[in-house]
Amino acid sequence: MQPAPAGSGSYPELDPAEVDDVLTFRGVLEPAAASLAARATLSPAQRGHLLRTLAEVASAPANLYRPKDARFHVAIAEVAGSPSLALAVADVRSKINDLLDRIPLIQPNLEHSNRQHQEIVDAILRGDDEAAFKAAQDHLQGTASLLHGFLGHSQPEVSPQETAPQR
Ligand SMILES: [Zn+2]
């Protein structure tokens, strides 16, 4: 499915159609999952699960950020009450990570993401489904902008050695 990279460089090129597909699907799933989670009556264990995964991603070192972030997003879908939804979120998230692995990790994005995660959880825990939907949507916009930004720059100026993304 990947077109052969036109030039050189260690990062495979991003395929615009693949990026759009994954971002569109994620944009449907995750705000809906956050909204459902906010409307659900969460048990203390479910609240604990959300807060624990939130704390883990917030304190994750850069090299563990993406897996912890993925875990947090799946947790939102899990407490929404649909295992199929949680599976779909996990699947789309692994595709997002494949795309993100092709671009450098940027520290300020992580701090911004952590604030957005907190907003999503706050909205879910106070049962505000509209705010949860909106916060999740805003959060996904960050990833979309990041990936679209790199689509316009198929050869990042940052050298891969300095920023090698890790799982
Ligand atoms: Zn996130």
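Values as computed for the structure displayed
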{"quantity": "Separation of the residue 137 and residue 28 label points, Cα + 7 Å toward Cβ, nm", "calculated": "1.6 nm"}
{"quantity": "Approximate spin-label separation residue 15-residue 39, in nm, with each point projected 7 Å along Cα-to-Cβ", "calculated": "3.5 nm"}
{"quantity": "Selection from 37, 58, 19 lying farthest towards where the dipole of region 16-147 points positive, charges on Cβ", "calculated": "58"}
{"quantity": "Relative packing of 42-53, 82-93, which averages over residues the other C-beta atoms within 10 Å, highest first", "calculated": "82-93, 42-53"}
{"quantity": "Those residues of region 118-134 whose amide nitrogen sits under 20 Å from the label point placed on residue 47, 7 Å along Cα→Cβ", "calculated": "118-133"}
{"quantity": "Label point distance in nm, residue 64-residue 82, each placed 7 Å from Cα along Cα→Cβ", "calculated": "3.2 nm"}
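Since every read-out is calculated from the coordinates, none of them should be taken as a lab result. Predicted model only: the values in this text are computed from it and were never measured. Heads up, the Cβs are rebuilt from the backbone with ideal geometry, glycines too, and the neighbour counts pull from every protein chain shown.
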